[in-house]
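Below is one structure; the comments refer to it alone.
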Amino acid sequence: MSLRIKVKKHGVIPVLQLEGEVVGQEVAKISKKLDDFLRTDDPIVAVDLSGTTLIDSYGLGVFVFSWKQIATQNRKLVFINPQGFIKNLFDGTNLTKVIKVVESIEEL
């Protein structure tokens, strides 16, 4: 399944909505979008994972790298509603201890 990326706003918070698989060559697209967010001054960058079915090691690496870059600017990266495998991946790698994960966009 290919990856679809949409950029939305929830109030003043930018939300990167991902649908499909975050794998292989698709990861470069996400990296580019996250780099764009690094150039803004938004205090929170949210990534909606409710429609994401798979994240490979490259995708996970891009998220961790982006989190580090965003954190150095005293900003936050937040994941919204990861499902199944992805939720287990985040829990199993202890990523949820450093990156905030919320169930819904209303929790931002």
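For residue 16, neighbours were defined as the other residues whose beta-carbon sits under 12 Å from its Cβ, and their charges (Lys and Arg +1, Asp and Glu -1) total +2.
The charge dipole of the chain, taken about its Cα centre with unit charges on the Cβ atoms of Lys, Arg (+1), Asp and Glu (-1) only, comes to about 260 debye. Taking every protein chain into account, the accessible area of the range 15-74 amounts to 49 square angstrom per residue (probe 1.4 Å). Residue 48 exposes around 20 Å² of accessible area when a 1.4 Å probe is run over every protein chain in place.
For the range 58-108, the equivalent ellipsoid derived from the alpha-carbon gyration tensor has semi-axes of 18, 15, 9 Å in decreasing order. Within straight cross-link reach of residue 76, meaning Cα distance under 12 Å, which aspartates and glutamates are found once same-chain residues fewer than 8 apart are removed? Candidates past the 8-residue exclusion: 41, 42. For the range 70-76, 3J(HN,Hα) computed residue by residue from phi via the Karplus equation (6.51, -1.76, 1.60; θ = phi - 60°) reads 5, 5, 5, 9, 6, 10, 10 Hz, glycine and proline entered as x. Rolling a 1.4 angstrom probe over the protein chains, ignoring ligands and nucleic acids, what is the accessible area of residue 40 in square angstrom, nearest 10? Taking all protein chains as shown, residue 40 has close to 50 Å². Of 50, 66, the order by accessible heavy-atom surface (1.4 Å probe, DNA, RNA and ligands excluded), from most exposed downward, is 50, 66. Take every Cα pair under 8 Å whose residues are at least 6 apart in sequence, average their separation, divide by the length of the chain, and the relative contact order is 25 percent.
Let me know the volume per residue of the alpha-carbon convex hull for the chain, in Å³. The partial results should precede the final answer.
Details: hull volume 9.4 nm³, N = 108.
Convex hull volume per residue, Cα atoms: 87 Å³.
Computed over protein heavy atoms with a 1.4 Å probe, the carbon and sulfur contribution to the accessible area of the chain reaches 53%. Segment residue 32..residue 107, full-extension length gain: 24.4 nm, with 0.36 nm per residue of separation and the alpha-carbon distance subtracted. The eigenvalues of the Cα gyration tensor, multiplied by 5 and square-rooted, give the range 1-54 an equivalent ellipsoid with semi-axes of 20, 13, 7 Å from largest to smallest. Label separation (residue 65 vs residue 98): 1.5 nm, computed from points 7 Å beyond Cα along the C-beta direction. The figure for residue 100 is an accessible area of roughly 110 square angstrom, using a 1.4 Å probe on the protein chains alone.
The values are calculated or read from the model by the stated rules, or taken from the named source; none is laboratory data. What you see is a predicted model; the values in this text were computed from it and never measured. Every residue, glycine as well, gets a Cβ built from its backbone with ideal geometry; the counts of neighbours run over all protein chains shown. For accessibility, only protein heavy atoms count, side chains too; no ligands or nucleic acids. Shrake-Rupley method; radii C 1.70, N 1.55, O 1.52, S 1.80 Å.
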